[in-house]
1. Residue check, residue 58 against (1) out of contact with any His (no Cβ under 8 Å at 6 or more places or on another chain); (2) touching a residue at least 24 places away in the same chain (Cβ under 8 Å); (3) surrounded by 17 or more Cβ atoms within 10 Å (Cβ to Cβ), all met but one. Which one?
2. For the stretch 105-133, enumerate the residues that are under 20 Å from residue 47 (Cβ atoms), of a type outside the set (A, V, I, L, M) and buried (at least 22 other Cβ atoms within 10 Å of the Cβ).
3. Can you spot a residue in the stretch 87-101 that is within 15 Å of the chain's Cα centre (by Cα) and of a type outside the set (A, V, I, L, M, F, W, C)?
4. List every residue pair whose Cβ atoms sit under 7 Å apart, with the two residues 6 or more apart in sequence or on different chains, where the first one lies in the stretch 146-173 and is under 12 Å from residue 188 (Cβ atoms) and the second, anywhere, is acidic (Asp, Glu) and open to solvent by 50 Å² or more (accessible area, probe 1.4 Å).
5. Do we find a residue being more than 17 Å from the chain's Cα centre (by Cα), under 17 Å from residue 81 (Cβ atoms), in a helix (DSSP H, G or I) and hydroxyl-bearing (Ser, Thr, Tyr) anywhere in the stretch 24-36?
6. With (1) out of contact with any helix residue (DSSP H, G or I) (no Cβ under 8 Å at 6 or more places or on another chain); (2) β-branched (Val, Ile, Thr); (3) open to solvent by 70 Å² or more (accessible area, probe 1.4 Å) as the list, and residue 145 as the residue in question, which single condition is left unmet?
7. Only residues in the stretch 204-222 that are under 25 Å from residue 48 (Cβ atoms) and aliphatic (A, V, I, L, M) count as the first member; pair them with residues that are at pLDDT 85 or above and part of a loop (DSSP other than H, G, I, E, B), Cβ under 8 angstrom, at least 6 apart or cross-chain, and list the lot.
8. For the stretch 179-206, how many residues are part of a loop (DSSP other than H, G, I, E, B), out of contact with any Lys or Arg (no Cβ under 7 Å at 6 or more places or on another chain) and either surrounded by 11 or more Cβ atoms within 10 Å (Cβ to Cβ) or not polar (S, T, N, Q) (or both)?
Amino acid sequence: MMDLSMPVDEFKAYMGQQLDRFFPDRYAFAGADVDAAFDEALQRLEYCLKFVSIRGFVVDGKVQLSHLHSGQYCHLLYFMGNSLWKRSQNQALCDKLMLLNQALNGVFCSYKLALPEIFFLNHPVGSVLGHAQYSNFLVILQNVTVNTDPELKIGECVALTAGAQIIGNKPIGARSSIGANTLVFDREIPADSVVYNGPTGLVIRPRGRESLAERYFNVPSA
């Protein structure tokens with residue numbers, strides 16, 4: 001079981017109160033679809049974060065969830081909106097959940113977006129994640145931009161570091177790392193690559209050790 005900073009019912013009420021304060025309209029955060037989606041979101045969050053190796057996310061084998069930890073709560077808001085959308089397409093509440101995540105954490109991540117089961121948003125302020133094909137063990141840092149293109153495939157164990165931009169639909173190979181403030185414009189990146197800005201342009205070289213994403217996760221052996 002997860003360690004929550006408050007009982008489940010209080011946690012759900014807390015989220016509802018935030019939605020009411022930010023968006024005081026007639027759409028109440030209540031109903032059987034909300035209850036079921038919240039339970040599902042907690043289950044998805046626990047599975048997602050149990051692989052994270054960064055201090056404070058898993059303690060003594062238990063995933064941590066605090067309403068005052070922006071990173072943990074950011075993940076929950078995405079899972080809640082996505083689970084609710086898939087369950088009942090309750091657009092008004094899903095829109096509010098997405099906007100709450102944007103207001104609190106500065107990240108634009110649609111509830112319709114299919115993020116993988118396992119990912120890590122690490123201080124993702126300013127990040128905009130478009131609709132693409134994402135894979136497990138994805139790491140997103142701050143100010144990351146991924147454009148919307150259903151043909152864009154991002155492989156497993158990819159790290160998009162601060163200011164990285166992926167524009168176009170060419171694949172990003174597994175276990176690759178895109179360096180700080182690096183624009184990958186319609187360029188295929190081979191697997192096991194490190195990509196960064198050099199003096200004369202984009203540099204793509206083979207990685208020399210474990211991928212950056214693998215430092216954020218306890219990745220199971222194949």
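1. If we test residue 58 against (1) out of contact with any His (no Cβ under 8 Å at 6 or more places or on another chain); (2) touching a residue at least 24 places away in the same chain (Cβ under 8 Å); (3) surrounded by 17 or more Cβ atoms within 10 Å (Cβ to Cβ), just (2) comes out false.
2. Result: 109, 111, 119, 120, 124.
3. yes
4. 168/186; 169/151; 170/186; 170/188; 171/188
5. no
6. (3)
7. From residues that are under 25 Å from residue 48 (Cβ atoms) and aliphatic (A, V, I, L, M), the pairs are 212/161; 213/137; 213/157; 213/158; 213/175; 219/51; 219/137; 219/157.
8. Number of matching residues: 6.
The values are calculated or read from the model by the stated rules, or taken from the named source; none is laboratory data. Please read all numbers here as calculations on a predicted model, not as lab measurements. We place every Cβ from the backbone using ideal geometry, glycine too, and count neighbours over all the protein chains shown. Calculation scope for accessible area: heavy atoms of the full protein, side chains included, ligands and nucleic acids excluded. Shrake-Rupley method; radii C 1.70, N 1.55, O 1.52, S 1.80 Å.
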